[in-house]
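First comes the structure, then the notes that go with it.
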Amino acid sequence: MKVERPVMIGVLGTHSTGKSTFLARLAHELRRDDIQVATVADLGEQAQRIGLPILFNHTYASTLWFITRGISNELEAWLHADVVLVDRAAPDALGYYRAALAYREEQPDPVAVTALESMVRSHSEHYDLLLRTTLDPDLPLGRNKRRDPNLDFRALADQHVHQVMLDLEIPHEQLHSDGHQQALDRTVAFANARLAGAEVGS
């Protein structure tokens, strides 16, 4: 379904793989081109403040909250920008939930998971470009905010976010730790081309 909206660019992937840093650089570059940019922030700290289980404690309810709150924040951002940058696009939460279940060796409720998958698949059609970070286990956890030190779960999240993208057939590009500059250049060019196309067609 075609809807009128800004250019939507999202990143996703396991924690401490450079998502927020990449988006901050991308926002800076786009604003230098006089593009109005809105950023939809990662919801992890907000979830912690209100007491929702996260990381390997994720539940169906917390996953549903991440997905629906994230989508709601994106829709609000549509009103204020030419380009919306999303730190942890909707499929990310589903990947983390699958990783949490695998970590705890629990079986999911298939009906609940199907409902989450349907929601994520449907909303993902609104992203113009998704970049999935890849885990380099040799790089240490970032120190710019409190980090979960569980490296086993970090690796599981990396695997399951990737698998969600494959299972739901969601188009995306990989964002390697040593390839941020190239990805930045490509993404800026992509956003400018999309905006130029929108202006020509309007």
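The values are calculated or read from the model by the stated rules, or taken from the named source; none is laboratory data. This one's a predicted model, so the numbers in the text were calculated from it and none came from an experiment. Note: ideal-geometry Cβ built from the backbone for every residue, glycine included; neighbour counts use all protein chains shown. Accessible surface areas use protein heavy atoms only, side chains included; no ligands, DNA or RNA. Shrake-Rupley method; radii C 1.70, N 1.55, O 1.52, S 1.80 Å.
Here are the numbers for this structure:
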{"quantity": "Filtered residues of region 78-89 (kept if among the small types (Gly, Ala, Ser) and open to solvent by 10 Å² or more (accessible area, probe 1.4 Å))", "calculated": "Ala81"}
{"quantity": "Hey, Pro108 open to solvent by less than 60 Å² (accessible area, probe 1.4 Å), of a type outside the set (Lys, Arg) and under 29 Å from Asn192 (Cβ atoms) or not", "calculated": "no"}
{"quantity": "Failed condition for Tyr96, given (1) part of a helix (DSSP H, G or I); (2) at pLDDT below 95; (3) open to solvent by less than 30 Å² (accessible area, probe 1.4 Å); (4) not aliphatic (A, V, I, L, M)", "calculated": "(2)"}
{"quantity": "Cross-chain or 6+ apart pairs with Cβ under 6 Å, region 78-92 first and touching a residue at least 40 places away in the same chain (Cβ under 8 Å) and more than 14 Å from His126 (Cβ to Cβ), then part of a strand (DSSP E or B) and open to solvent by less than 10 Å² (accessible area, probe 1.4 Å)", "calculated": "Arg88/Leu12; Asp92/Leu12"}
{"quantity": "Test result for Tyr103, touching a Ser or Thr at 6+ places or on another chain (Cβ under 7 Å) and assigned to a helix (DSSP H, G or I)", "calculated": "no"}
{"quantity": "Within region 62-73, tally of residues that are under 20 Å from Glu105 (Cβ atoms) and either under 15 Å from the mean Cα position of the chain (by Cα) or open to solvent by 60 Å² or more (accessible area, probe 1.4 Å) (or both)", "calculated": "1"}
{"quantity": "Hey, Ser16 assigned to a loop (DSSP other than H, G, I, E, B), of a type outside the set (Phe, Trp, Tyr) and either in contact with a helix residue (DSSP H, G or I) (Cβ under 6 Å, 6 or more places away or on another chain) or open to solvent by less than 50 Å² (accessible area, probe 1.4 Å) (or both) or not", "calculated": "yes"}
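Okay, residues lined up against (1) touching a strand residue (DSSP E or B) at 6+ places or on another chain (Cβ under 8 Å); (2) closer than 26 Å to Tyr97 by Cα; (3) of a type outside the set (Ser, Thr, Tyr); (4) at pLDDT 95 or above:
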{"residue": "Ile9", "(1), (2), (3), (4)": "yes, yes, yes, yes"}
{"residue": "Leu23", "(1), (2), (3), (4)": "yes, yes, yes, yes"}
{"residue": "His28", "(1), (2), (3), (4)": "no, no, yes, yes"}
{"residue": "Asp33", "(1), (2), (3), (4)": "no, no, yes, no"}
{"residue": "Val40", "(1), (2), (3), (4)": "yes, yes, yes, yes"}
{"residue": "Thr63", "(1), (2), (3), (4)": "no, yes, no, yes"}
